[in-house]
């Protein structure tokens with residue numbers, strides 16, 4: 001059984017699940033025919049070099065067991081074990097991890113205990129937005145769904161703000177985003193942009209980084225016409241005002 005055979009045999013075992021791992025799957029595909037045979041001898045680390053290992057039990061890219069093996073092999077090593085954490089655990093606002101790493105990097109101090117136990121960063125589950133406008137509960141549901149889909153959009157999440165961002169919306173139309181001159185406000189423009197099918201926005205919006213506040217002012221087209229003003233505050237409270245489908249809209253939802 002060659003490495004290529006083993007690689008594709010594993011893919012067949014995964015079945016449809018392989019489609020959800022495209023970048024990992026195709027990124028590693030070249031390894032199946034790599035001509036050189038790697039060695040598995042552990043790297044030697046001089047004992048005088050301090051070692052701090054970070055490991056997350058839910059890391060999908062660099063398994064926790066890899067870091068655990070380094071920790072167990074090196075006398076005097078220390079490990080930060082994050083239960084259920086993501087791939088990147090440092091610099092995400094968790095003092096349990098950040099304080100240990102900062103102390104090590106800035107002051108060359110290792111923790112007294114061999115293992116520091118930390119809880120993973122957990123966020124409430126965000127359900128998928130309705131696919132079509134006919135499934136929306138009300139106008140607030142439509143605007144909140146649009147806000148949610150933008151927030152989780154990969155292109156927007158990885159945007160550095162240096163150049164304006166132009167995006168084709170999933171169900172037609174377009175959206176642009178640009179950073180204000182002072183760098184504190186992300187400004188949006190919508191042109192028949194639909195993140196929910198048949199719920200089109202044409203207008204503007206902004207996200208104030210300093211206030212953690214999002215607002216949209218848009219003409220609504222598609223399933224029902226209208227003009228809506230939407231806001232999401234730092235505490236999670238949302239509201240929408242205006243008209244939609246021939247009716248006055250005045251809705252709010254607390255955090």
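The values are calculated or read from the model by the stated rules, or taken from the named source; none is laboratory data. Computed from a predicted model, the values in this text were never measured in an experiment. As a convention, Cβ positions derive from the backbone with ideal geometry for all residues, glycine included, and neighbour counts pool all protein chains shown.
Below, the figures for the structure above:
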quantity: Residue match in the stretch 132-140 (condition: farther than 22 Å from residue 253 by Cα, surrounded by fewer than 17 Cβ atoms within 10 Å (Cβ to Cβ) and in contact with a strand residue (DSSP E or B) (Cβ under 7 Å, 6 or more places away or on another chain)); calculated: no
quantity: Selection within the stretch 158-192 - within 16 Å of residue 203 (Cβ to Cβ) and outside any strand (DSSP E or B); calculated: 169, 172, 173
quantity: Hey, residue 177 assigned by TED's automatic domain parsing to the domain that holds residue 240 and at pLDDT below 95 or not; calculated: no
quantity: Failed item in (1) exposed (fewer than 12 other Cβ atoms within 10 Å of the Cβ); (2) more than 23 Å from residue 201 (Cα to Cα); (3) at pLDDT below 95, with residue 106 passing the rest; calculated: (3)
quantity: Test: residue in the stretch 227-241 that is farther than 14 Å from residue 141 by Cα, buried (at least 17 other Cβ atoms within 10 Å of the Cβ), touching a helix residue (DSSP H, G or I) at 6+ places or on another chain (Cβ under 9 Å) and in contact (Cβ under 8 Å) with a residue 40 or more places away in the chain; calculated: no
quantity: Pick from the stretch 73-103, criterion more than 30 Å from residue 44 (Cβ to Cβ) and in a loop (DSSP other than H, G, I, E, B), ranking: modelled with the highest pLDDT; calculated: 94
quantity: Qualifying residue in the stretch 66-76 (condition: in contact (Cβ under 8 Å) with a residue 24 or more places away in the chain and under 19 Å from residue 107 (Cα atoms)); calculated: yes
quantity: Odd one out for residue 163 among (1) touching a residue at least 12 places away in the same chain (Cβ under 8 Å); (2) under 30 Å from residue 215 (Cα atoms); (3) more than 18 Å from the chain's Cα centre (by Cα); calculated: (1)
quantity: Meets criteria (at pLDDT 90 or above, in a loop (DSSP other than H, G, I, E, B) and under 30 Å from residue 109 (Cα atoms)) for residue 46; calculated: no
quantity: Output for the stretch 203-222, where each listed residue is closer than 16 Å to residue 169 by Cα and loosely packed, with under 15 Cβ neighbours inside 10 Å; calculated: 204
quantity: Residue ID - surrounded by the fewest Cβ atoms within 10 Å (Cβ to Cβ), chosen from residues in the stretch 113-123 that are at pLDDT 95 or above and outside any strand (DSSP E or B); calculated: 113
quantity: Residue count, the stretch 60-101 (criterion: farther than 22 Å from residue 112 by Cα, surrounded by fewer than 19 Cβ atoms within 10 Å (Cβ to Cβ) and in contact with a helix residue (DSSP H, G or I) (Cβ under 9 Å, 6 or more places away or on another chain)); calculated: 3
